[in-house]
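One structure is given here, and the rest of the page talks about it.
The values are calculated or read from the model by the stated rules, or taken from the named source; none is laboratory data. Please read these numbers as outputs of a predicted model, since none were measured by experiment. With ideal geometry, Cβ positions are generated from the backbone for all residues, glycine too; neighbour counts draw on all protein chains shown. When the accessible area is computed, the model is the full protein with side chains, heavy atoms only, and any ligands, DNA or RNA have been set aside. Shrake-Rupley method; radii C 1.70, N 1.55, O 1.52, S 1.80 Å.
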Amino acid sequence: MSHADVGRADVGRAVDAVDWTAIPGPPGRYEPEAAASGLRALAEATTLLQVAAAISCLENTALYHGHSGAVFPAAAVAAPLLLDIVAHAHPRAADAAIDLLELGLRYEPHAGYTRIDTAEAAQVPLCCAIAEQIRARADLLAGHGEQGRQLLAEAGPHWRFRVHELFAEAQEVVVFGTADGVLPRNRFPVEVHAARRITMAADATADYPPDADTHEAFLRLTAMALDRIRTGAVLYSATCGARVH
């Protein structure tokens, strides 16, 4: 068995290990069994027809509703599996997997299905959860030509900021931490995720761009009391959090 065959077999086992029925989705549109069968089919696809059939399944009933441009929570769960397909599957299937990941950043979720828990925080906006997975495989995507590099660029605005230290200054709270993705230049709204819940929203400004090597940065949060945020909190874009189909 070749290395590629082993990789595709690993993807299949990872797909089967997910309980797709436990992932919520809009009734009548999300079909859990289609997520499993579509991902397995894409991992094994080598011809254009096989790739097209797998995409049709994944884009219309499993991860997305392509006709209306909606993303389901299953797309965030599938993101690392799609990245494994990029790493191990046929080039046609790998290109299709990147296209599917891009839809997860662009499409909007249905009300009631806009967030998902991650290892980092609870109730993360779907687009931000997908962007985290994309950035985690930056080396893979950077080596996949212009298409992979473009996906990394599109993940940038779906940023995340981890709070390492904080202190009060006048009417603001200043937080020091590390940023993943691209922070906006001017004032921008943020969600504060702490203790496995969203505690509140605030406006933020970055005094300086994040350090290019360490990604460390300071943010100033307005209209926030110091006791409402803590070390270890994670900030996400409130613009992303407000997205709904």
Across (1) aromatic (Phe, Trp, Tyr); (2) without any contact (Cβ under 8 Å) to a residue 40 or more places away in the chain; (3) outside any loop (DSSP other than H, G, I, E, B), TYR208 clears everything bar (3)
Out of ARG160, ARG197, which single residue is open to solvent by 80 Å² or more (accessible area, probe 1.4 Å), within 18 Å of ALA242 (Cβ to Cβ), touching a residue at least 24 places away in the same chain (Cβ under 8 Å) and not β-branched (Val, Ile, Thr)?
ARG197
Looking at GLU146, is it under 30 Å from ALA97 (Cβ atoms), buried (at least 16 other Cβ atoms within 10 Å of the Cβ) and modelled with pLDDT of 90 or more?
no
So, in segment 61-71, how many residues would count as being surrounded by fewer than 17 Cβ atoms within 10 Å (Cβ to Cβ) and in a helix (DSSP H, G or I)?
0
May I ask you to list pairs of residues, at least six apart or on different chains, whose Cβ atoms are under 6 Å apart, with the first in segment 229-245 being open to solvent by less than 10 Å² (accessible area, probe 1.4 Å) and the second being assigned to a helix (DSSP H, G or I) and of a type outside the set (Ser, Thr, Tyr)?
TYR236/CYS128
